[in-house]
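> Pasting a structure here, questions to come.
Bear in mind that the values in this text are calculations on the coordinates, not laboratory data. All values reported here derive from a predicted model rather than from experimental measurement. Glycine also receives a Cβ, built like all others from the backbone with ideal geometry; neighbour counts cover every protein chain displayed.
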Amino acid sequence: MSAESEVRQRIQSRGKITFAEFMDVALYWPHGGYYTAREPVGAQGDYYTSPAMHPFFGALLSVQLFQMWREMDRPSPFTVFELGAGNGLLCRDICSYAAGLPDGFAVSLRYVCLDRRAAGPVESRALGASRVLANGLPFKNLTGCVLSNEYLDAFPVHPVVMTNDGLQEVYVGLNGDELVELYGELSQPGLAGRLDDLGIELAPGQTAEINLALEPRLIEIAAALKRGFVLTVDYGRTAQDLYDPEARLRGTLVTYHQHVQTDAPLTLIGRQDITAQVDFTSVASAGEKAGLNTLGLVTQRDFLSNLGLDRLHQQLAGQSLTPRQMQANRAGITDLVRPGGLGEFKVLAQGKNVGTPALWGLERSDEAASPIESLAAPLLTEHHLSLVDGRHFGGEAESEAF
C-alpha cells in the first residue's frame, strides 16, 4: 500500500486525521514514504544540504568536535552519534579531516550513523564508522557528542490557525475523492500550551507549525548522554522571530520536488519533501528541562567563520587546481555561508556534565586556527555537488528555503 493509499484508508475508516499524522505517513510510511523510498539529497533528490556543498562543512565540524574532546580531557572513545545520517557524507568528511588533527584525536574518535535507512551512496562503514538502523538514540551512558544536521525540520508538525472561533488545528480529510485541509479542535492540549509557554499569541488568520516531538526527543537524548555535547544544525529561528505575523503570517511549511519549491503538501504524497522551520527557543527550553545546558546559538555563517573558514579558504589558494576546479570549490564554500540561504541556518550547542566551555564555533578564538595550520584544505569530490557545472542537477538547485 502506497503512502497516499494509507492516508486515504485511515481517513475513510476513522475520519479526518491531523496534518501531523498525514505528514508522518507521507514521509516515513515503510511502503513508499518519502524518506524510506529514495535518496532526498542531490541530483535524484529534491534539495541539497551543507555536507553536499563542500567538505569544508564536515572539516570545520571536526575541528569543533576536536575542541569538545579536549575540553572533556580527551576521553577514549569519544563517540559522535549523528542523528538522521542519510547517505553518510557528513560522516565521511568529518572522519577524513579528523585523521589529520593533532593529539591522537582520530584514535579516540568513534562515529555512529543513526538513520531509518541502510547506508546510501556514500558508504560510511568503509571509514571504520558504524551504522545503526534506528529512529532516535537507543543507547545509554554515552560520552561524546550527539550531532544532527537538518534533522529536526523533518519531524511531523501540527499546523494551527487563529480563526474567528479561536485557535484551531489543521486536519486532512476527503471531499469526494479529493484530499483537503480542514480545521477542527486542537487534538492535544500541548499545542496551546506551547504557545502559552512561549508567550506567543497568534494574530487573526495566522498559521503556525508546532513540533510536539521536540520534548520527547530531547528527553531521550539527555537520558542517553552521560557526559558530552549536543550540536544541532538546522534552519529555523527563535520563537519570537518564527511566529512573527508580519513576516510569516502563513507559517513556514514548504514542500520540495526535484529542486522546485511546490508548496502543495496534499499532492505527490511520498514523492516530495515536507518540512517546516525549527523553533530553536523550544529546542533549547526542552533541553534545559531534560538536563542539557544551553551553551549558545549562532548562525551557520558565524559558526563556520569562527572555526577557521577563512584560514581554510586561504589554504585552498595554495593547491594545484585548474581555474574550473578553483571556481567550483569556491562556489561551494561561498554557498555554505550565503546570506538568505545556508549561512542563515542556526547552530545550537548544548552540554551535559561538561561545565560551560567557550566553544570555538560560538565565539571567535585564535586557538581554533592552530589545529588546522598544517593540514591541506579538503576539496570537492565526486560525492559533492558542483554549482559551477551543474553536476548532479537536473535543473536549478535549491537548498531548503530559509
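> When DSSP assigns beta bridges and you keep just the ones with both residues in the chain, what percent turn out antiparallel, to the nearest 5?
55 percent
> If R0 is 51 Å, what FRET efficiency do you get for Thr356 and Ser5 from their C-beta distance, rounded to 0.05? Write down the numbers at each step before the final one.
Numbers: r = 51 Å, r/R0 = 1.01.
For Thr356 and Ser5, the calculated efficiency is 0.50.
> Could you tell me the relative contact order of segment 50-94? Use alpha-carbon pairs under 8 Å, at least six residues apart, and round to a whole percent.
Reported as a whole number, the value is 59 percent.
> Using the count of nearby Cβ atoms within 10 Å as a rough guide to exposure, how do Ile17, Ile210 rank from fewest to most?
Fewest-to-most ranking of Ile17, Ile210: Ile17, Ile210.
> Please report Trp69, Trp360 as a ranked list, fewest other C-beta atoms within 10 angstrom at the top and most at the bottom.
Trp360, Trp69
> When a footprinting reagent is the concern and you count Cβ atoms within 10 Å, what order do Asp335, Asp244, Asp73, Asp103 take, fewest first?
The order, fewest Cβ neighbours first, is Asp73, Asp103, Asp244, Asp335.
> Relative contact order of segment 131-234, please, whole-number percent, based on alpha carbon pairs below 8 angstrom and at least 6 residues apart.
47 percent
> Just to be sure I understand: with springs between alpha-carbon atoms less than 10 Å apart, which residue in Ala208, Ala222, Ala358 has the highest mean-square fluctuation in the Gaussian network model of the chain?
Ala358
> Below 8 Å, C-alpha to C-alpha, sequence gap of six or more: please give me the relative contact order for the chain in percent.
Normalised by residue count, the contact order of the chain is 22 percent.
> What number, rounded to the nearest 500 deg cm²/dmol, is the helix-based mean residue ellipticity at 222 nm of the chain, given -39500 (n - 2.57) per DSSP H run of at least four residues and division by all its residues?
It comes out at -8500 deg cm²/dmol, rounded to the nearest 500.
> While we're on this one: Cα centroids of segment 246-272 and segment 328-377: how far apart, whole angstrom?
One Cα centre to the other: 30 Å.
> Now for a different question. Charges on Cβ only, +1 for Lys and Arg, -1 for Asp and Glu, centred on the Cα centroid of the chain; of His31, Leu114, Ala203, which one is farthest towards the dipole's positive end?
Of the options given, the answer is Leu114.
> Quick one: Cα centre-to-centre distance for segment 129-148 and segment 56-102, in angstrom?
14 Å
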